[in-house]
1. Please name all residue pairs, on different chains or six or more residues apart, with Cβ atoms under 8 Å, provided the first residue is in segment 142-155 and is surrounded by 15 or more Cβ atoms within 10 Å (Cβ to Cβ) and the second residue is among the polar types (S, T, N, Q).
2. Please go through segment 237-257 and give me each residue that is among the acidic types (D, E) and under 23 Å from L26 (Cα atoms), ordered by number.
3. Among the residues of segment 95-134, how many are under 13 Å from T287 (Cβ atoms) and open to solvent by 70 Å² or more (accessible area, probe 1.4 Å)?
4. Here are the criteria: (1) touching a helix residue (DSSP H, G or I) at 6+ places or on another chain (Cβ under 9 Å); (2) hydrophobic (A, V, I, L, M, F, W, C); (3) part of a helix (DSSP H, G or I). Tell me which single one L25 does not satisfy.
5. So S51 fits all but one of (1) exposed (fewer than 11 other Cβ atoms within 10 Å of the Cβ); (2) out of contact with any Leu (no Cβ under 9 Å at 6 or more places or on another chain); what number is the exception?
6. Could you count how many residues in segment 213-240 are in a helix (DSSP H, G or I) and of a type in the set (A, V, I, L, M, F, W, C)?
Amino acid sequence: MLYHLLLQTVNTQQSAGVSPGQPHLLLYELYDGEDVEKAVNELSQAASGESLYVIADELASFRLEFFCSKLLTQVPRLHLWAASCFHEDAPDGWQVEYLTRPLRSPPAVVREVEQNEWITVTRNVLPYSERGVSDHTDGPPVTRLYHRGQGHSGENPVNCVACGREVASFLHSLRVGVTESGTATSATVTSSSGDTTPPCLQWRDVLVLYWNYVRDNSGVVKGLQEAGIPVRVMKDDDIEDVATAHSDVVWVAHGHRVRGLERKVVVCLTLHNNDGFDRFYLMSRCTSQLVIVSPDYD
């Protein structure tokens, strides 16, 4: 996502006659020692004895220290900023700032996220502070759907066709993909043209998230498809498409894969006793309407 934002900025500047250089996307698996060595060597070569500026987002502290110490040996003029949601991850001696203002989600979603046991019980994540600006609205109320009753099957919502249909019904009630004229948009439409009015909510504004990988034939996916929702399950090759919201479809994804993204509507398929992951990584992606689909063990 950062690469694409930089690319847009560079293209804008080049159109104005400025040549700021060109961003390059380098992919490393920094949990692997060989890839750390590769990253250090390639970045130090790119620095060519000059200053190097690095932004590290959500890298585990032990890898961050190892990566940084290796890089410092080859690039003395190193400037590094690192972010972690776990406040105890900072290496010893580093300057630390705590950024806890809830600027992504409306209050209704914030209240749901801050019930996370990592905030309230283990306290390895700092609680939210005051937003610092007035809230124009509390946001849409959180919608709760339950995996129970006639027609529901499977142990969890992700395996249930009926849950998929109920999610689809709610999305239709939001008029997702419908223009002001009442015309439904196609999943292949990427922009409006002529006199067509763009919808207030598009399919690309919706993410369906689960704590694990979801198969193409999972019950919830079948239920969405049967209800006419343009839905795709995110694979490795889809990362760029999902990050840029290029295709006008509802993406179903593993929560770990979309940590840096935001969507207006987030559907969270929860599991019993999975409070930490679900609230922290899934629900916090939401900037407007949160939908929680819960199993029923009563």
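The values are calculated or read from the model by the stated rules, or taken from the named source; none is laboratory data. From a predicted model like this one, the values you see are computed outputs, not experimental measurements. FYI the Cβ positions are ideal-geometry reconstructions off the backbone, even for glycines, and counts take in every protein chain you see. Side chains are part of the model used for accessible areas, which takes the heavy atoms of the whole protein and leaves out ligands, DNA and RNA. Shrake-Rupley method; radii C 1.70, N 1.55, O 1.52, S 1.80 Å.
1. T143/Q289; L145/S294; Y146/S294; H147/N156; H147/S294
2. Start the filter on segment 237-257 by keeping residues that are among the acidic types (D, E), which leaves 237-238, 240-241, 248.
Correct list: D237, D238, E240, D241.
3. Counting residues in segment 95-134 that are under 13 Å from T287 (Cβ atoms) and open to solvent by 70 Å² or more (accessible area, probe 1.4 Å) gives 2.
4. Here L25 clears every test but (3).
5. (2)
6. Pass one, segment 213-240, residues in a helix (DSSP H, G or I): 219-226, 236-240.
Then drop every residue that is not of a type in the set (A, V, I, L, M, F, W, C), which leaves 220-221, 224, 239.
Going through segment 213-240 one residue at a time, the tally reaches 4.
Yes/no per residue for (1) of a type in the set (K, R); (2) more than 22 Å from D296 (Cα to Cα); (3) touching a His at 6+ places or on another chain (Cβ under 8 Å); (4) modelled with pLDDT of 95 or more:
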position	(1), (2), (3), (4)
G151	no, no, no, no
N156	no, no, yes, no
V167	no, no, no, yes
H172	no, yes, no, yes
A187	no, yes, no, no
T196	no, yes, no, no
G219	no, no, no, yes
A227	no, yes, yes, yes
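Table: residues versus (1) touching a Pro at 6+ places or on another chain (Cβ under 9 Å); (2) modelled with pLDDT of 95 or more; (3) surrounded by fewer than 20 Cβ atoms within 10 Å (Cβ to Cβ).
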| residue | (1), (2), (3) |
| --- | --- |
| V208 | no, yes, no |
| K222 | no, yes, yes |
| E240 | no, no, yes |
| R259 | no, no, yes |
| R285 | no, no, no |
| L290 | yes, yes, no |
